[in-house]
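We did not get these values from a lab; they are worked out from the coordinates using the rules stated. Given the structure is predicted, the values throughout are model-derived calculations rather than measurements. Heads up, the Cβs are rebuilt from the backbone with ideal geometry, glycines too, and the neighbour counts pull from every protein chain shown.
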Amino acid sequence: MNVIPLGAFELSLASLLVLLLAWLSFRTRLEIEKPLLIAALRTTVQLSLIGVVLNTVFASVNFWLVMLVWVVMLTAAGYEVMARQKVRVKGPGRFFIGASSMLVSSFSIMVLILALVIKVEPWYSPRYAIPILGMLLGNTMNGIALAMNTFSSLAWNRRAMIEQRLALGQTAIAAVEDIWRESVRTGLIPIINSMAAAGLVSLPGMMTGQILAGNTATDAVRYQILIMFMISSGTGFGVILSLWLMRRRMFDGRSRLRMRDSFHVS
Amino acid sequence: MAKSNADASRIAMNGLIVDQLRFMHRGPYSFGIPSSSVFGLSGSSGSGKTLMLRAISDLDPYTGRISLNGIDCQSLSGPEWRQKVAWLPAESLWWHETVGAHFWKRPSLEWFNELGFGEEVTQWEISRLSTGEKQRLAILRLLQHHPAALLLDEPTASLDKNNIAVVEKFILKYLSDCQGLAVWVSHDSGQLDRVAACHYAMQLDGSLRQLR
């Protein structure tokens, strides 16, 4: 069984809905029509391109080609995380804190799952490796971006308060304890919510795709549970790692708050 | 002769010693404050009094040497030093809902009473405190670790006349009980006459001039 193919005409019908929304936004001065249309255009172009790329990569099971796709994905995710920060670390850390956290969390979890759980041969088979990293990155990226943005913004706004806690002899860790907790929670709440709602409210995208492609629902469900566990753990570890790296930049070796030296408002 | 030399070095080591202190393009400052004494400091706003207190409590980077009773600042971690050399900012900030949550070592009831509070003050909500109440509680909060040096940034600026006297008396009693010392910043030279052994003014160019 195969998916009913969609042509350009069917897609343009669907695009009318987006155009209608943009028109509504324009008329009621919501001022969201421009970002909406740009994002819709980006989705079309980026996905069309990746379709062509993936066909090539799937055709040849070449490790270096797969590696190249991973690196591009990770770099894009790193930039996306950086772009979502209002208060950014100065210097290359503004990119590398997010990117390295995603590398460590998403990448290692992907390798673990491919090699030990799915046991696909070879472990880097692009048909598995690329979509799985894509799903992992897409979700950890959201969590990490949310958590980092919360952490740096709160620390920036409450820097006088953090300093007073330091002045009372608290350690750096204790002085940002509540901000830390709030940021980890902010990063993890979306994935916790979607795990809680899965099956009842929403059928996750991957599962829907598998069912549309003709797989049995039970097979699709098992993959989806696996993916949910990977995403939530990857997001959690990635969030903690990124906040840990960020906290190291907030304080110097004498546990002094260095917000103004190490961060700036973009 | 040898004995008196040893005495001199012991005396020199006691108290807070600030030697060639530079921070944020200011200084150098060199002075010593013996134990059980108060160093009065005044000066117009913007002259850098607060910056100096921040540097001495190691909240801002500095060069030079600071030591307290012979212990060099750099030989302790930042938090350990700040537990001994405690800075009281001009305006206190609070981060928990209740007063009590800010105290990890509950002060004695006697201390609460001396500053005009009953035991129930720990249950009070921060949002309902007046500025003056916050200031008096900030002093109690500062003393949790029993610091040997206090860096007081206009500690009575938000208080009425009655409470000014109460707080002066309380701090002086604390200092004499634990042989502590203090830098006391105030715009009121009458107050510095009452509490401080000496009075320096920070000039706009950042230099210190002894008034008394």
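Brief remarks on what is shown
- Total residues in the stretch B:135-166 satisfying the condition of being surrounded by 18 or more Cβ atoms within 10 Å (Cβ to Cβ) and within 13 Å of the chain's Cα centre (by Cα): the figure is 16.
- Among residues of the stretch B:143-160 that are away from every other protein chain (no Cβ under 14 Å), those with a beta-carbon under 8 Å from a residue that is hydroxyl-bearing (Ser, Thr, Tyr) and part of a helix (DSSP H, G or I) at least six positions away or on a different chain give the pairs B:Ser158/B:Thr131.
- So A:Gln224, is it outside any helix (DSSP H, G or I), among the polar types (S, T, N, Q) and either within 13 Å of another protein chain (Cβ to nearest Cβ) or crowded, with 18+ Cβ neighbours inside 10 Å (or both): no
- Scanning the stretch A:125-167 for residues that are basic (Lys, Arg) and either buried (at least 23 other Cβ atoms within 10 Å of the Cβ) or within 14 Å of chain B (Cβ to nearest Cβ) (or both) yields A:Arg158, A:Arg159, A:Arg165.
- Of all residues in the stretch A:19-46, those satisfying the criterion of being of a type in the set (D, E, K, R) and surrounded by 11 or more Cβ atoms within 10 Å (Cβ to Cβ) are A:Glu33, A:Lys34.
- Test: residue in the stretch A:138-147 that is among the polar types (S, T, N, Q), part of a helix (DSSP H, G or I) and free of Cβ contacts under 8 Å to residues at least 40 places away in the same chain: no
- Counted residues, the stretch B:58-115 - those being over 18 Å from the mean Cα position of the chain (by Cα) and either surrounded by 20 or more Cβ atoms within 10 Å (Cβ to Cβ) or assigned to a helix (DSSP H, G or I) (or both): 12
- Output for the stretch A:169-196, where each listed residue is assigned to a helix (DSSP H, G or I), more than 18 Å from A:Asn142 (Cα to Cα) and out of contact with any helix residue (DSSP H, G or I) (no Cβ under 6 Å at 6 or more places or on another chain): A:Ala172, A:Ile173, A:Ala174, A:Glu177, A:Asp178
- The set of residues in the stretch A:55-89 that are free of Cβ contacts under 8 Å to residues at least 60 places away in the same chain and under 13 Å from the mean Cα position of the chain (by Cα) comprises A:Thr75, A:Ala76, A:Gly78, A:Tyr79, A:Met82, A:Ala83.
- Matching residues, the stretch B:92-125, being touching a strand residue (DSSP E or B) at 6+ places or on another chain (Cβ under 7 Å) and within 14 Å of chain A (Cβ to nearest Cβ): B:Glu97
- Looking across the stretch A:112-132, the residues that are over 16 Å from A:Met228 (Cβ atoms) and hydrophobic (A, V, I, L, M, F, W, C) come down to A:Leu114, A:Ala115, A:Leu116, A:Val120, A:Trp123, A:Ala129, A:Ile130.
- Test result for A:Arg260, assigned to a helix (DSSP H, G or I), within 14 Å of chain B (Cβ to nearest Cβ) and either surrounded by fewer than 16 Cβ atoms within 10 Å (Cβ to Cβ) or of a type in the set (A, V, I, L, M, F, W, C) (or both): yes
- Boolean, B:Leu137 is within 14 Å of another protein chain (Cβ to nearest Cβ) and part of a helix (DSSP H, G or I): yes
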